[in-house]
Structure formats: C-alpha cells, structure tokens
Amino acid sequence: MFPVIFLVPPLAAIGLAVVVAAQEALQLVQPQLLPNPSQRESRADVFSKSVSACPGEFCLISAGLTAQLQLAGPGCNAFGHDFKDLTVEVTYEETSRPRVNIRDTKNKQFTIPETIISRPGPSNVSLKNQSDLVFNYEELPFAFWITRRSQPSAAPLFDMRLSSLPPPTSKLIIPDDNSTTLEGFPLVFEDQYLQSTSALPVGTNLYGLGEVVASSGFRRDVGQMGGTVQTMWARDAADPVDENVYGSHAFYLEHRFNQDTRRSQSHGVFLMNPAGADILLLTPPGSNISLIQYRLIGGTFDFYFFSGPTPKNVIEQYGQFIGLPTWQPIWGFGFHLCRYGYYNVDETREQVRRMREANIPLEVMWNDIDLYHANRDFTTDPVSFPAESVRALITELHNAHQRYIPIVDAAIPKTVNATDSVSSLIIPYSLVLTLLEYDPYTEGAKKNLFITNPDGSEYIGQVWPGLTVFPDWFHEGTQQWWTDALRNWSQSGVEFSGIWLDMNEASSFRDGSCGTGADLPKRDLPFILPGVPGAVFMIRGTNCPERYDVKTSGNTTIYDASTCQPELNVPPYAIHNEHTLATNATHVNGVVELDVHNLFGLMEEKATHMALLEILAGKRPFLISRSTFPSSGKWTGHWLEDNFSLWSYMKYNIAGVLQFQLFQIPFVGADTCGFMGNADEELCNRWMQLSAFTPFYRNHNARDTISQEPYRWDSVANASREVMAIRYSLLPYWVVEIVYPFANASRFGTPPVRALFFEFPDETEIYEIAKNGTTILSAPLGHINIHVLDGAAILLYASPAYTITETRHGPFSLLVSQTTSGHAFGTAYLDDGESNPPGPSKKLTITSVSCQVRISGQGSFRIDQKLDEITVLGVFTKPSLVSLNGDAVKDIEYQAQQAKLVN
C-alpha cells in the first residue's frame, strides 16, 4: 500500500529534486571505513614515511635487455612494503621509441591491460643499434640513463644516477609545501609507493604533464618561479591554478638548445601508469641541476622515450604509439551554444531563433542537466522538456542542417525500496514514477555492473540526482548496457548527433561510500544545484568552503554533516589531492580504485564511442569529454572545463589548447566567455574571436551568471559574425590538419595548433613567449589580426554561410602566400565529412614554383563546386600575362603595395 503523497508545484517551479519532510533526513552518515580489498597494509604507523633511510640500492644480478634486480639491503618500508625482486626489460619497439619497464618480478602490481589501451608490439628485428636513443646502466646501485647516439658528449636525456643529481636537502623547495623536501633520491619500489628521479638541465624547456591550469603558462616551471608539483589524480575541481584537475597525462616534451651549435633538439618521456602520483619539477636553491621526481602510489615504472628530434616529431611519435585522434565530423567544427540554465525546451528553442535572427551561425545546440527529470541520466523532464517537444526541436534543427547534443553524467541514480523511497517525502506526483522505475539502474543492478564496496555491496556516492552508483567499465556486460541506455534515450525523443560526457573522473560529492546497511531513503538529500537561490558555494570536489583553513576556521558543516574530515582510507603517501571515489572502491575481479581511478573517463569514452558507432551507424562519433587519459583522443574531444569569466582564463585557454595537442587530443577548446562568473562585453568580444581559432568552439556558462550568448551585445554579435565567416572559410584547412591526419605524410600525427617554437625550434626567445617584449598591432574591438606564414597554400570556402552544410555547397577560393623565392605548398582533403569509416575522398596538392600555381588531385570523391577566386601573395613584379590552363585571363587585379595578385 502506498503512503500518502502530498502534491507540490512541478519540479521546474521549485528547482529542487526532492523536498524532505523530516529533519532527520537532512543528516548524512559519516563514511564507513571499509577494509582494503587488496590486503595492503593500511596502518600509517607501520611506515617510516621517509625515504632518507631507504637503501636505494637494487643490485643487478643478471644483465641483458631483460635483467633481474635484487634489493641490496633491508627494505625501508617508507610508504609501503618493499619488493625485493624486480625485473628490468628494455625493448626497442621502433627506432624512435625505446621502452624501459621496471616491474615487480611476480607481477603483483597493476598494469594497464591491452584491452583498455592497445599498444604496438615490439618489432621482430632488433632495432637497438639503429635507434638514436641509447640505454645505459650501472649495476650497483642500479640506475639507467638515456643518451643520443648522434650526440655522445651531450647531457643525457634521462638520468637516474645519484652522481648526476643534486645533493639531498631537508629544506622546503616550495614554501609551505612539506612534500618538497628532497631527502634523497633512491630508487624505491613498494606496493603503495614508487619513487624515481632524473636530472634535468637547470631551467630547461619542458611542456606537458597535465592536466593543469598552470600559472607559468604552456612551459612548465622547473624552478624558474619556484617549481611544480603536478598531481596525477583525475579530480572534479573548478579549474584551480597549479593544481590537478580533470585528466591525467604523465607525458612531457623537453626542448633543449645547444649553445655551441645554435641548434635545438626535442625528446619526449611518457610514464604508462594510471596510479595516483605526484610529479615534482624542482631546482634546489643554488643548484645548477634541476630534476623531475616521480612519486607513485601504485603500478610500475613503464617508461617510453621518443627521440624526436623536432617538437613535431616527438608528438607524431607519441601519437603513433598511443593512438591517433578520432575522425571528427565536419559539422563539429561549427559554432556550438549551451548554457547550464536553459530551463525548458521553449527557452532552448528561443536561443536557436535569436541566433538566426542575429545572423550569427549556430551549428549545434546543447542542453546541460536542465534537460533531465530529477537530474537523472537518459531522461527528459516531463514538465520542462517533454520528450515529444524535445524530438520536435531536434527535428527543426535537423531540417535547418543543425545538430543537437545532450549531456550524460557518469553517476547513475540509485533507486531503493519503493515504499521507503516515498514514505517520508513530499514530492511532485510526476516524480513518483522516476523514483520507482528507472531502468538504467535496475538493469545495471541485476547484472552487477556497478562499482562495489570491498564486501560486494554497491558503492554509493552522491552526485546531482542524490544517491548514485557508478558503472564498472571493467565488467564485460557494461558495454551493451550502456549502448542500450543511449539507444533507448535516443528513441524516446532525444535524437542526439553526439554526446557530452561530464563528471567522469568519476566525481562524487561525498568522501567514501554510504556503506553497507545504511538507511538510504533517509540519506537522499534535497540537493540544491549551483545557481539556484539558497545554494551554498563549495569548491566542487572537495566539499570544503572556499578558503577553509583547518587551523583557524574550525569544523565546518554542510547539510548538518561534517564534511571536512580527512578520508582515512588512503595510501600512506598522500598525493596532493584525492577527492573522488574512495581508493578501496572495487571493480570486477577485485581491481581497486587506487590502481585504476585515472582510467574511468577513458573507459567511458571508449564505451560511448563504440555505442555511437552502433546507434548512429555509418557516422563519425562526436564526443566531448571532461576527464581524459592517454589515448582518449582515439575516442573523444575535450573541453577545458569549468573556467572563469576572467581575462587570465582567456590566456589559460591558449595554454590549455596547446597542452592537449601534446596529448594527442587536438579537438579541444574552452568555454568561450567563461563558465563561472559574469563576462562583460569586451571580454566576451575578444574571447569569441580567440575561440574561433581553436578546434572546438563553444559558448557555455552557468545558471547564476548573466547571459552571454553572442547576440546579447551588438559589438559581440558583429565580431562573432566576422570571425565565424573566417573560421568557416578555413574549414578545408581545419579538415586537413585535424580530421585527416594522413593528408601529408611529413605531418603524420602533427598537432594542428602549434606553439611558435614548433615552427621555429631554434629561436630561443619564443620558448617562453610570456617573457618576450611586446609588439603592438592595431586591433580595435571586434577585429582580430590573422597572419599567414609564407610558403603556404590554403584552399578556402569563398562564401561562408549560416551552416557548414550550406558553406560546403558554395564555391572555393585559393590563397597562395609565396616565399621570396616564389615557392608555396599546401594540401586539402575533401570527402562527405561524416561517413565512418571514411568513404570516397579527394586529396588536393597545391604547389607554387617558377611563377606557376598547380593543383593536382587524387581520389574518387566528386567535387562540383567551382574555384571562384585565386589570390597570390609575394608577387613583387606585375606580370605581363596570366593564364589559366593555357588560356589568358583578363580580369586580373595587381596591388603593388601588397605584392598581391587577385583574379
């Protein structure tokens, strides 16, 4: 028998998922402390928590490309239990890529399965003597270093020898960070702590190691500004500066300049390990040596080295190893619009209408979690977003050559006993069926597809819909369940063209699981969403109020529950941040979150990509995801998360886009005009212009901020129309650079957005562009300067239209920017822009030499559009005759001052 249910105004009217009647339902249980499933020692008092007493001496007892190491003395048990026997394996998988794998001999430590990240196998032919990179080692204490065969006298690229490192010190390198003492540099290999250190040239040029919003910019601080502690732990945090955020990439590119030869060379280093880690980039005071130190809480040392020698070579080599970026559909390069705060389908439709009235191109309309019923995945709110109304909106978009993308959060709402679910609640009648029947949860629970506590019960966290569970991507049944959920959602009316994956670190707003036997119905809080009146501002992912100081602020409570207590179920070495699922959350076959936390986003991306291949058969899957890991680019693009409407974050936007080029996730961009806070007219004007030259172009902001759609200000509307026309005209260039990385063999895997030193690697003044002098160019509000490098030949769309479909049906133009010697080169790639795998295509090669511009084509794709205009720059003398295919051309304009020829 159902209890009495009181009807209240619809959900959209009050902004709350549930109003709880009883005061006791406002009380959170404290996280239960659960036994560690891996049977690792979790008592902190048995460990010394210092590496100064570690012997650091592994003795080489057998040599060769596969060797055995043995601990040369008693273990120090600094932050775990020492392994006494290790195996070192050195392989040359390519001439440009040696691998050094140091693992525990009995293979007890977690390593990434091939089913998650496929890797090229080693060559059948030994490449050791053909590689420019040489593996060197000493036996006692064991250490290795990597040198260049072509530069035997140069400093090693990677060097673990104690003789190469600075003296140990107990002083703090970074003030107020107790972890930045360098007590010693032993090789430590324990079950919950691994440490290795390599020397670096002092103040070297190092890029990568993310994800991070770095105060130093694209180039990382190895001591110039104090140093860096880069934590590898995917974390839901609103773009804090110099802290870990949503993704983890233990890959860096180092660029070294030789003062004697005046030439530079680059190399790359990648640590294949998903465990939580601190990676330190430091220079001890007064030292002429910098260093990188890896401190890991699990896994093995699985290093890959990339020989370069140019920056582009390094990234290409890394891409060939980790996987090249997924093909993007051509419409993905259009302008996208979203807001967390389009409260109903009519308000969403209104944005589409007003963008067209303002003649500002809109390619894709998005919805945030406003779309959901009770904030639950794969639903539509029956009042504010009725399914048939959503279907009608999407049909309108499709008829106008536009697309629609909804959000999908990683956490799945947990439903409980029907009577308990509603017995103490005052709820809208429309919510009753959602509470009692929610197929994504019930079907997943039947098949045990969710992450568990160590005792096998469901791991229960808390996200937007309240109590939640989390998909276990290691379970073989999860892929089909996920595909079915997405397909059913599409068939219900949300006929998406792509998917936006959010909260997939995976994020939870509580530390730990509710625990086995908790009174769940009384714990489903009335969660107030950000931007709703009465919401408490919190630093997302920490549960602690901003500027909370445990020394001076005392205890703090939110919803009558103490939320700033430390999570006790953590490894003995505490990495700098760790607020998501508990480290003892358990996956199928006993795999624990401690080892695989950083893989969650990648595995969801792969599952979603595979689902879209099935649901949208024959189409290129379009995904944008928050949390990423090496090889995510094979499956998804990325946005730079919850940024702020500040000029500083527009600058960080540039560094973030460059950073993800290194990680082989080139389709990336920031929330234009900022997500949090209020953008003013000038900031939004400039940001809309900047983002037009980043691969992913979306304007998105939060509920409690002022509206910032580009039509809101006349100056922003004008600037947006102008810059979008430029962007759409450049689509053939974008396609060559991103969608079709094979378009030019010499740029195989080359990142499409490149720092200046990628193009001019020997120009030392641009290694750290933020420290250069200022060059002032005229750029009135609404105008952006565009520079074309000489020697380029670029195919353009001559008549940019409102949508990409309409633009592609129009004519072409050609821009040739000759060098002083009259040379230029370029390529273009054309196909239907959507087929997967790609269908017929045409590759165009454009060359300018000896006063002739030639276009040749290969491939069967039919091109019906005409070439309307050709502009040639670098023509310093007016030609007496211009011909096209042997016929004289009369309508020629020559502009002597610009050395420009236009027909």
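The values are calculated or read from the model by the stated rules, or taken from the named source; none is laboratory data. These numbers were taken from a predicted model, which means no experiment stands behind them. Cβ sites come from the backbone with ideal geometry, for glycine too, and all protein chains shown count toward neighbours. We work out accessible area using only protein heavy atoms, side chains counted, and drop any ligands, DNA or RNA first. Shrake-Rupley method; radii C 1.70, N 1.55, O 1.52, S 1.80 Å.
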Please determine whether any residue of the range 886-898 is of a type in the set (A, V, I, L, M, F, W, C) and under 30 Å from MET365 (Cβ atoms).
no
Select from the range 163-184 the residues that are under 21 Å from PHE303 (Cβ atoms) and surrounded by fewer than 17 Cβ atoms within 10 Å (Cβ to Cβ) and list them in ascending order.
SER163
Residue match in the range 621-630 (condition: more than 22 Å from VAL364 (Cβ to Cβ) and either of a type in the set (A, V, I, L, M, F, W, C) or at pLDDT 95 or above (or both)):
yes
Regarding ASP278, is this residue among the charged types (D, E, K, R) and closer than 21 Å to GLY223 by Cβ?
yes
Residue by residue through the range 855-874, note down the ones that are small (Gly, Ala, Ser), surrounded by 11 or more Cβ atoms within 10 Å (Cβ to Cβ) and within 14 Å of ALA828 (Cα to Cα).
GLY857, GLY859
ARG339 vs. criteria touching a residue at least 24 places away in the same chain (Cβ under 8 Å), in contact with a helix residue (DSSP H, G or I) (Cβ under 9 Å, 6 or more places away or on another chain), open to solvent by 10 Å² or more (accessible area, probe 1.4 Å) and assigned to a helix (DSSP H, G or I)
no
Looking at the range 804-812, is at least one residue open to solvent by less than 20 Å² (accessible area, probe 1.4 Å), of a type in the set (Ser, Thr, Tyr) and assigned to a helix (DSSP H, G or I)?
yes
The strands (runs of 3 or more DSSP E) lying wholly within the range 235-323 that contain at least 3 residues that are open to solvent by 30 Å² or more (accessible area, probe 1.4 Å) are 244-258
Give the residues of the range 875-895 that are under 22 Å from ALA792 (Cβ atoms) and exposed (fewer than 11 other Cβ atoms within 10 Å of the Cβ), sorted by residue number.
PHE876, THR877, GLU893
Quick count over the range 185-199, residues being open to solvent by less than 10 Å² (accessible area, probe 1.4 Å) and either β-branched (Val, Ile, Thr) or assigned to a strand (DSSP E or B) (or both), is 8
Being among the aliphatic types (A, V, I, L, M) and surrounded by fewer than 24 Cβ atoms within 10 Å (Cβ to Cβ) is the filter here; which residues of the range 613-634 pass it?
LEU613, ILE615, LEU616, ALA617
Selection from the range 823-833 of residues that are open to solvent by less than 50 Å² (accessible area, probe 1.4 Å) and within 33 Å of the chain's Cα centre (by Cα)
GLY826, THR827, ALA828, TYR829, LEU830, ASP831, GLY833
In this structure, is ALA250 in contact (Cβ under 8 Å) with a residue 24 or more places away in the chain, under 17 Å from the mean Cα position of the chain (by Cα) and farther than 20 Å from TYR573 by Cβ?
no
Out of the residues in the range 770-803 meeting the condition of being open to solvent by 50 Å² or more (accessible area, probe 1.4 Å) and in contact with an Asp or Glu (Cβ under 7 Å, 6 or more places away or on another chain), tell me which one is nearest to GLU363 (Cα to Cα).
LEU781
In the range 670-685, which residues are farther than 15 Å from ALA702 by Cα and free of Cβ contacts under 8 Å to residues at least 40 places away in the same chain?
GLU681, LEU683
Odd one out for SER627 among (1) in contact (Cβ under 8 Å) with a residue 24 or more places away in the chain; (2) closer than 28 Å to LEU756 by Cβ; (3) of a type in the set (S, T, N, Q):
(2)
Output the residues belonging to the range 694-707 that are charged (D, E, K, R) and either crowded, with 20+ Cβ neighbours inside 10 Å or under 29 Å from LYS843 (Cα atoms) (or both).
ARG698
When residues of the range 461-502 are limited to those that are in a loop (DSSP other than H, G, I, E, B) and open to solvent by less than 10 Å² (accessible area, probe 1.4 Å), the one farthest from THR608 (Cα to Cα)
GLY493
I need a count of the residues in the range 348-367 that are more than 26 Å from the chain's Cα centre (by Cα) and within 14 Å of ILE394 (Cα to Cα).
6
Can you give me the number of residues within the range 726-754 that are modelled with pLDDT of 70 or more, open to solvent by 10 Å² or more (accessible area, probe 1.4 Å) and in contact with a strand residue (DSSP E or B) (Cβ under 9 Å, 6 or more places away or on another chain)?
6
Which numbered condition trips up PRO710, out of (1) open to solvent by 30 Å² or more (accessible area, probe 1.4 Å); (2) at pLDDT 90 or above?
(1)
Report those strands (runs of 3 or more DSSP E) wholly inside the range 80-140 carrying at least 1 residues which are open to solvent by 50 Å² or more (accessible area, probe 1.4 Å) and not charged (D, E, K, R).
133-138
Check whether at least one residue in the range 120-138 is at pLDDT 95 or above, farther than 30 Å from PRO285 by Cβ and aliphatic (A, V, I, L, M), and report yes or no.
yes
Only listed residue being at pLDDT 95 or above, over 25 Å from TRP473 (Cα atoms) and not small (Gly, Ala, Ser), chosen from ARG376, ARG403:
ARG403
Number of positions in the range 834-851 that are open to solvent by 30 Å² or more (accessible area, probe 1.4 Å) and within 30 Å of THR877 (Cβ to Cβ)
5
Considering only residues that are open to solvent by less than 10 Å² (accessible area, probe 1.4 Å), more than 13 Å from LEU337 (Cβ to Cβ) and part of a loop (DSSP other than H, G, I, E, B), which ones fall in the range 667-693?
PHE667, ALA670, GLY674, ALA679, ALA692
